[in-house]
Amino acid sequence: MESKRIIYYYQTLTDLSSILIQNTPVTHIILSSFHFGTNPNKSPYIHLNNYPPYDSKFNKVWDQLKLANEKFNIQIHIMLGGAGGAFQDLFENFELYYPLLLKTILSTPFISGINLDIEEEVSLTNVKMLIDCLKRDLGHDFIISMAPVQGSLQYDNSGMGGFVYKDLYKSKEGSLIDFFNGQFYFNLSSSCYEQCIQNGYLENQVVLGMIQDQDFNSACNTVQEVVNKYENFGGVYMWEYFDAPPGGPKNPGLWAQKMKQIMDKKNNDDEKNK
């Protein structure tokens, strides 16, 4: 059976050694967060957090991400947007900022995907345009994911981006989206996940997202319930890596190990019952 996604968002750029281990359970690291702006001389920039992506302060980050990909087969994606914005800037000055995004991705061969976390109002037309451009310029195999809040997948209401995800999902561009990292921060429950599936999303495309201050035991129970019900469950993610429970800053990799154990238990039980 295909491995479920086990994803860390990585914004507090601490040491990754706890997941750079033999047989690591981690499938994806999403480097966060990229955004745009203008320098004092009015020239455009793309930044990783508050600095140019290839500033020397990030040398260890890039070295470890390269190692994660080449030695441990972890997919490396980047996140655009989030609470810091990015999309209004991008769409207002697309001819300036899009080439910077493209150059950043193309200059780092082990970046294999992008996570679009749209938390500001934009037009659906522009979102479709961006998806088309990314696939055109980076190839069919380049992974595009999005990060809607859970309610945008449960119900067909306008989300933080000001558009209805179902409208995007049913479009030509929607077929180019590989998966959705659902922000189940307000109600991490199997019933909420089930409502997303009942609303027409494929189970393999909906990733159950959690945040570090949620009750860990309850989160484990929810993952177990979802895994038991959905054979093609899309996986889990944690925002964010550096203090992921239950190990916290001393051992943030423990979260991924626990998630893998829950998923493997389901698979092993299935084999025993055959």
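The values are calculated or read from the model by the stated rules, or taken from the named source; none is laboratory data. Predicted model only: the values in this text are computed from it and were never measured. Don't worry about glycine lacking a Cβ; one is built from the backbone with ideal geometry, like all the others, and counts go over all protein chains shown. Heads up: the accessible areas ignore ligands, DNA and RNA and are worked out on the full protein's heavy atoms, side chains in. Shrake-Rupley method; radii C 1.70, N 1.55, O 1.52, S 1.80 Å.
Quick check on this structure: which one of 92, 121 is free of Cβ contacts under 8 Å to residues at least 24 places away in the same chain and either open to solvent by 30 Å² or more (accessible area, probe 1.4 Å) or in contact with a Ser or Thr (Cβ under 7 Å, 6 or more places away or on another chain) (or both)?
92
Tell me which strands (runs of 3 or more DSSP E) are completely within the stretch 135-220 and hold 2 or more residues being of a type outside the set (A, V, I, L, M), under 18 Å from the mean Cα position of the chain (by Cα) and within 22 Å of residue 4 (Cα to Cα), or say none if there are none.
Output list reads 179-183.
What are the residue pairs meeting all of these: first residue in the stretch 239-250, first residue at positive phi and without any contact (Cβ under 8 Å) to a residue 12 or more places away in the chain, second residue part of a loop (DSSP other than H, G, I, E, B) and surrounded by 13 or more Cβ atoms within 10 Å (Cβ to Cβ), Cβ atoms under 9 Å, and 6 or more apart or on different chains?
Close Cβ pairs (under 9 Å, with a partner that is part of a loop (DSSP other than H, G, I, E, B) and surrounded by 13 or more Cβ atoms within 10 Å (Cβ to Cβ)) amount to 248/212.
Give the stretch 217-266 a look and list any residue that's closer than 17 Å to residue 14 by Cα, touching a helix residue (DSSP H, G or I) at 6+ places or on another chain (Cβ under 7 Å) and among the acidic types (Asp, Glu), or say none.
Result: 243, single match.
When only residues in the stretch 97-118 that are free of Cβ contacts under 8 Å to residues at least 60 places away in the same chain and part of a helix (DSSP H, G or I) count, which is most open to solvent (accessible area, probe 1.4 Å)?
Filtering the stretch 97-118 for residues that are free of Cβ contacts under 8 Å to residues at least 60 places away in the same chain and part of a helix (DSSP H, G or I), the one most open to solvent (accessible area, probe 1.4 Å) comes out as 103.
Checking residue 140 against (1) surrounded by 15 or more Cβ atoms within 10 Å (Cβ to Cβ); (2) farther than 30 Å from residue 22 by Cβ: exactly one of these is not met. Which one?
Going through (1) surrounded by 15 or more Cβ atoms within 10 Å (Cβ to Cβ); (2) farther than 30 Å from residue 22 by Cβ one by one, residue 140 breaks only (1).
Could you please find all residues in the stretch 71-89 being open to solvent by less than 20 Å² (accessible area, probe 1.4 Å) and closer than 18 Å to residue 145 by Cβ?
74, 76, 77, 78, 79, 80, 81, 82, 86, 87, listed by residue number.
If we keep just the residues of the stretch 36-70 that are of a type in the set (Ser, Thr, Tyr) and part of a strand (DSSP E or B), which is least open to solvent (accessible area, probe 1.4 Å)?
It comes out as 45.
Select, from 18, 43, 56, the only residue that is more than 13 Å from the chain's Cα centre (by Cα), closer than 30 Å to residue 265 by Cβ and not aromatic (Phe, Trp, Tyr).
18
Mind checking which pairs have a first residue in the stretch 169-190 that is open to solvent by 20 Å² or more (accessible area, probe 1.4 Å) and a second that is part of a strand (DSSP E or B), Cβ under 7 Å, 6 or more apart or different chains?
Close Cβ pairs (under 7 Å, with a partner that is part of a strand (DSSP E or B)) amount to 176/144; 178/143; 178/144; 178/145; 185/211; 188/210.
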